[in-house]
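Okay, so here's the structure we're looking at.
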Amino acid sequence: MNSSLSIRSFAEYVEQFTSLLIDYSPKLISALIILFVGLYAIRIINRLVRKIMIKRELDPTLSKFLADSLLWALRLLLFVSFISKLGIETSSFVAILGAAGLAIGLSLQGSLSNFAGGMLIILFKPFRVGDTIEAQGVIGTVLEIQIFVTKLITGNNQTIFVPNGILSNGVIINYSMQGNRRADLVFSLSYDTNIKTAKDIVMQVMQNHPKVLKNPAPTVAVKSLTDSAIILAINPWAKNADFGAMASDVLENCKEAFDAAGIVTQPYVRESSKA
């Protein structure tokens, strides 16, 4: 008796499920068609938008950000259309999304600050990809400006990720923006040195170096007179790409020229007379 009742109940469940599936299948099929066609259309639109921005020579960072934002906005609209076609009430779903967004926003305040900082960097462009900058105690070349962080590479090939929030609110030194850069070099010379001779030697070294720019012109001057040495300030200019090699060469060539002229380049300390 119980066995026949269980079989009958199971058959009724199967029949109800089959009937429900048949009734619901048109919605399911149409929703799946919308989903797959929408994903394909979004891919085509995204590619087309990227090509248009590249053709109009927009900033690469801004182009990537706009394309990614459009991609996720279209995906969200497609998802809402998909669940709406399935018969799910979108008003309640949007309310749930709003509540979840508020909770996530409160828990991710730091990330939202970094997002806002990334937007400011992309819009106002204090630096671009390829620029050498100094910020938050680090110096490096900008590899990529992402939404939440900026990726730098240092001179010793270390990759540094700086959060955009603190980066946009702090002091940024951009060494690449002006195209040329001045080196601030110093030499400590003995008080026995003829200052004019030393300055002529330094100027000759800078004028003979191919990477030292003629305009702006290099300069050399007495920076200070300490208790033990004459401090010369040497200021050659170079293009950003040549800056490091130029500064190193000028120091080396000046040292060799001073040695050849018999000028003491280390701080000269007079011995006190014995009583």
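Checking the structure you have, find out if any residue of region 128-142 is free of Cβ contacts under 8 Å to residues at least 12 places away in the same chain, assigned by TED's automatic domain parsing to the domain that holds Ala241 and out of contact with any strand residue (DSSP E or B) (no Cβ under 6 Å at 6 or more places or on another chain). Step through it out loud before you land on a result.
Applying the first criterion (free of Cβ contacts under 8 Å to residues at least 12 places away in the same chain) to region 128-142 yields 137.
Subset that is assigned by TED's automatic domain parsing to the domain that holds Ala241: none.
Checked against the condition, which is being free of Cβ contacts under 8 Å to residues at least 12 places away in the same chain, assigned by TED's automatic domain parsing to the domain that holds Ala241 and out of contact with any strand residue (DSSP E or B) (no Cβ under 6 Å at 6 or more places or on another chain), region 128-142 yields no hits at all.
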For Phe79, indicate whether it is assigned to a helix (DSSP H, G or I), under 30 Å from Gly130 (Cβ atoms) and modelled with pLDDT of 65 or more.
no
Which condition from (1) more than 30 Å from Asp131 (Cα to Cα); (2) out of contact with any Ser or Thr (no Cβ under 9 Å at 6 or more places or on another chain); (3) surrounded by 13 or more Cβ atoms within 10 Å (Cβ to Cβ); (4) among the basic types (Lys, Arg) is the one that Lys211 breaks?
(1)
With Ala99, Ala31 as the choices, which residue is part of a helix (DSSP H, G or I) and either touching a helix residue (DSSP H, G or I) at 6+ places or on another chain (Cβ under 8 Å) or at pLDDT 70 or above (or both)?
Ala31
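Quick check on my filter: what residues within region 102-133 are outside any helix (DSSP H, G or I) and modelled with pLDDT under 80?
Start the filter on region 102-133 by keeping residues that are outside any helix (DSSP H, G or I), which leaves 108, 125-133.
Of everything in region 102-133, just one residue is outside any helix (DSSP H, G or I) and modelled with pLDDT under 80, namely Leu108.
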Taking the stated definitions as given, is Asn240 in the same structural domain as Phe187 (by TED's automatic domain parsing) and either free of Cβ contacts under 8 Å to residues at least 60 places away in the same chain or exposed (fewer than 15 other Cβ atoms within 10 Å of the Cβ) (or both)?
no
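Quick grid of which residues meet (1) among the charged types (D, E, K, R); (2) buried (at least 18 other Cβ atoms within 10 Å of the Cβ); (3) assigned to a loop (DSSP other than H, G, I, E, B); (4) modelled with pLDDT under 90:
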position	(1), (2), (3), (4)
Arg181	yes, yes, no, no
Val186	no, no, no, no
Pro216	no, no, yes, no
Asp227	yes, no, yes, yes
Leu251	no, no, no, no
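The values are calculated or read from the model by the stated rules, or taken from the named source; none is laboratory data. On a predicted model such as this, the values are computed, not experimentally measured, just so you know. Neighbour counts run over all protein chains shown; Cβ positions are idealised from the backbone, glycine included.
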